[in-house]
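Structure first, then comments.
The values are calculated or read from the model by the stated rules, or taken from the named source; none is laboratory data. Source: prediction; values computed, not measured. All Cβ positions, even for glycine, are placed from backbone atoms using ideal geometry, and neighbour counts span all protein chains on display. Just the protein is used for accessible areas: all its heavy atoms, side chains included, with ligands, DNA and RNA removed. Shrake-Rupley method; radii C 1.70, N 1.55, O 1.52, S 1.80 Å.
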Amino acid sequence: MTQTIAEAQKEIVEEFAFFDDWEQRFEHLIDLGKSHLDIPDEYKTEAYRVRGCQSTVWLHPELKDGRVVFQATSDAMIVRGLIALLLKVYSGRTPEEIASTPPKFVDELGLNEHLTQGRANGLASMIEQIKLYAVAFGQLEKSHFGNGKEQGT
Amino acid sequence: MPIAHDPRIDGKPATEPARGPFDVERVRADFPTLRETVHGDKPLAYLDNAATSLKPQCVIDTLNDFYTHDNSNVHRGVHTLSQRATFAFERARGKVKNLLNAESEKEIVFTRGATEALNLVAQSYGGTFLKPGDEILVSEMEHHANIVSWQLIQERTGAVLRVVPMDDTGELRMDEFHRLLGERTKIVSIVHISNALGTVNPIGEIVAAAHAAGAIAVVDGAQSVPHARIDVRAMDADFFVFSGHKVLGPTGIGVLYGKRELLESMPPWQGGGDMIDRVAFDGTTFNVIPHKFEAGTPHIAGAIGLGAAIDYLTRTGFDGIEEHEAKLLAYATERLLEVEGARIFGTAGKKAGVLSFNVGDLHPHDLGSIMDMEGVATRVGHHCAQPAMRHFGISATCRASLAFYNDEGDIDRFIAALNKAVRMLK
């Protein structure tokens, strides 16, 4: 991962700045959704479903070399586009980075005001879930190291 | 207690004469929300009327006037404002009685909405009279309110919930209804008009059959009162429920109509002020109907606002409303079927102004979001009728639902927005 979390957010905001109106922004979001990779069916289960979304969203986290890698998708295309943006920002980051980085791009793009309330809530639910996983992995790592030290002394 | 005539709140007769032939342009002028623009300069095409109706200016003014001039509690005070409030509140009950053609105001209980009214019947009537093994008959197209309220009482009483299926047009399987209806059936609780599909059920036949089998009939009229003249006596419903906010009234007010002898036989559901006769620690006696079922301070302004809404509907005239909506539904159906890949769920022979649809495999949430950007308000989701969705093997639809203040221009903008959404998503 060459791009930092801040750079990723900045790039998204710049990318969307090209468009003049909501229609083009929505079209771009839909395009992102269409090209977003699907996730394995084994992750499309109740356990990985994000609650609070009107459409169905699955989010699968995995800790790889100290970084949280997310795979996620939805049955609705605009939501898939939003997921693509969220993963660009948050996937492959350390738990600490994820937990401490607010989704600035969401405000800067005016996404909340252009999404229906239900969808804005869904976006908030996804972000919350991403952060919860990060915090959980962060604690897991700490307790793992903690235990290791105790065993060592 | 006689209450003096007060010209401020009693300026208009309880039932007003019709305004002449139905004129959609004149009607639209009465609804200020129709002049709203959204997402910049997009005029609003409001097609979410099955969720809630818009309010005419006279209803908004009535609420404002009540809080400005007459605000007071009801049934409690000797002072002037309390008498005005009580008078207006009870007069609104009379308007509901007239709207439904009930026999008496005593048969009109104010609730928070149709949902609370159904829960009241389930808890109070069902909780008292249902025995283990008794059956409650509902249909596959019910709103969750008419399913879950019975499921809760089913657990408490040991009664069993049976479900009348529908066919693929969204019509009730009447053969199955008659087959399921038996001597164990004690309550038949069926929706008059389906909110998710628009089906108009043969409610007269259903009620008559229920009675012949020795059951009582509960009718969910949440979607029928806004669109057609209701006569609970002709229908012979034992209970009939509806929500104020779907019939041009405020949110938080609804109605339970119940036949007098049934309401009198039922215990109170909630305890508190207004519903008591005498309270003592060795035993409390209860007020007469309908007050027995209205514990606590009611939604006074809501009821009065609902009264104003009923006046407005009566003035506009149900004949004109029904004719206009039928024409508009036919036009909207024709236009929607021109959209490639559009499939309408709910194609019953007798249908009200509800168009539940999907386009190909496009997600209804995507369609709804893009249409919203064009100023078109629809509902997407399961419409609180998941079993009905399951029948068609889907989890959600997009729903355009009509009211008499919609016109062909609204439909044209809806179809244009839908075409745009389809183009963007394909």
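Structural remarks
- Residue in the stretch B:162-185 that is surrounded by the most Cβ atoms within 10 Å (Cβ to Cβ), counting only those that are of a type in the set (D, E, K, R) and assigned to a loop (DSSP other than H, G, I, E, B): B:Glu171
- With respect to the stated conditions, A:Glu14 fails to be under 15 Å from A:Tyr90 (Cβ atoms) and either open to solvent by 40 Å² or more (accessible area, probe 1.4 Å) or within 14 Å of chain B (Cβ to nearest Cβ) (or both).
- Pairs are defined by a Cβ separation below 7 Å, a sequence spacing of at least 6 or placement on different chains, a first member in the stretch B:400-414 that is over 15 Å from B:Arg28 (Cα atoms) and in a helix (DSSP H, G or I), and a second member that is among the aliphatic types (A, V, I, L, M) and modelled with pLDDT of 95 or more; the pairs so defined are B:Arg413/B:Ala45; B:Arg413/B:Val376; B:Phe414/B:Ala45; B:Phe414/B:Leu47; B:Phe414/B:Val376; B:Phe414/B:Ala400.
- Filtered residue count, the stretch A:63-95, keeping only those that are without any contact (Cβ under 8 Å) to a residue 60 or more places away in the chain, farther than 20 Å from A:Gly122 by Cα and of a type in the set (Lys, Arg): 1
Yes/no matrix, rows are residues, columns are (1) over 30 Å from A:Trp22 (Cβ atoms); (2) part of a helix (DSSP H, G or I); (3) among the aromatic types (Phe, Trp, Tyr):
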site: B:Gly302; (1), (2), (3): yes, yes, no
site: B:Leu306; (1), (2), (3): yes, yes, no
site: B:Ile310; (1), (2), (3): yes, yes, no
site: B:Glu322; (1), (2), (3): yes, yes, no
site: B:Arg335; (1), (2), (3): no, yes, no
site: B:Val339; (1), (2), (3): no, no, no
site: B:Gly349; (1), (2), (3): yes, no, no
site: B:Asn358; (1), (2), (3): no, no, no
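- B:Leu418 vs. criteria facing chain A (nearest Cβ under 10 Å), among the hydrophobic types (A, V, I, L, M, F, W, C), open to solvent by less than 10 Å² (accessible area, probe 1.4 Å) and assigned to a helix (DSSP H, G or I): no
- Residue match in the stretch B:377-387 (condition: assigned to a helix (DSSP H, G or I), open to solvent by 10 Å² or more (accessible area, probe 1.4 Å) and among the polar types (S, T, N, Q)): yes
- When the stretch B:386-425 is filtered for residues that are out of contact with any Leu (no Cβ under 8 Å at 6 or more places or on another chain) and among the small types (Gly, Ala, Ser), the ones remaining, listed by number, are B:Gly393, B:Ser395, B:Ala396, B:Gly409, B:Ala416, B:Ala417.
- The one condition in (1) more than 14 Å from chain A (Cβ to nearest Cβ); (2) in a helix (DSSP H, G or I); (3) without any contact (Cβ under 8 Å) to a residue 40 or more places away in the chain that B:Arg343 fails to fulfil: (2)
- Of the residues making up the stretch B:244-262, not a single one is of a type in the set (Ser, Thr, Tyr), open to solvent by less than 10 Å² (accessible area, probe 1.4 Å) and part of a loop (DSSP other than H, G, I, E, B).
Here is a yes/no grid of residues against (1) assigned to a helix (DSSP H, G or I); (2) within 12 Å of chain B (Cβ to nearest Cβ); (3) open to solvent by 60 Å² or more (accessible area, probe 1.4 Å):
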site: A:Gln24; (1), (2), (3): yes, yes, yes
site: A:Glu27; (1), (2), (3): yes, yes, yes
site: A:Ile30; (1), (2), (3): yes, yes, no
site: A:Lys34; (1), (2), (3): yes, yes, yes
site: A:Asp38; (1), (2), (3): no, no, yes
site: A:Glu42; (1), (2), (3): yes, no, yes
site: A:Ala47; (1), (2), (3): yes, no, yes
site: A:Glu62; (1), (2), (3): no, no, yes
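- Taken as a whole, the stretch B:256-270 holds at least one residue that is closer than 26 Å to B:Glu140 by Cα and hydrophobic (A, V, I, L, M, F, W, C).
- Only listed residue being open to solvent by 10 Å² or more (accessible area, probe 1.4 Å), touching a helix residue (DSSP H, G or I) at 6+ places or on another chain (Cβ under 6 Å) and more than 14 Å from chain A (Cβ to nearest Cβ), chosen from B:Arg335, B:Arg390: B:Arg335
- All conditions but one from (1) under 25 Å from B:Thr185 (Cβ atoms); (2) open to solvent by less than 30 Å² (accessible area, probe 1.4 Å); (3) under 16 Å from the mean Cα position of the chain (by Cα) apply to B:Thr115; the one that does not is (2).
- Residues of the stretch B:37-75 that are among the charged types (D, E, K, R), assigned to a loop (DSSP other than H, G, I, E, B) and in contact with a helix residue (DSSP H, G or I) (Cβ under 6 Å, 6 or more places away or on another chain): none at all.
- Considering only residues in the stretch B:285-321 that are open to solvent by 50 Å² or more (accessible area, probe 1.4 Å) and out of contact with any helix residue (DSSP H, G or I) (no Cβ under 7 Å at 6 or more places or on another chain), the one that is nearest to B:Arg93 (Cα to Cα) turns out to be B:His299.
- Taking first residues from the stretch B:35-53 that are within 12 Å of chain A (Cβ to nearest Cβ) and open to solvent by 30 Å² or more (accessible area, probe 1.4 Å) and partners that are at pLDDT below 95 and in a helix (DSSP H, G or I), the Cβ contacts under 9 Å between residues at least 6 apart in sequence or on separate chains come to B:Val38/B:Asp372; B:Val38/B:Met373; B:His39/A:Trp22; B:His39/A:His114; B:His39/B:Asp372; B:His39/B:Met373; B:Gly40/A:Trp22; B:Lys42/B:Met373.
- Test: residue in the stretch B:144-157 that is touching a residue at least 60 places away in the same chain (Cβ under 8 Å) and open to solvent by 40 Å² or more (accessible area, probe 1.4 Å): yes
- Unique residue being surrounded by fewer than 16 Cβ atoms within 10 Å (Cβ to Cβ) and closer than 15 Å to A:Ile130 by Cα when the list is A:Arg51, A:Arg67: A:Arg51
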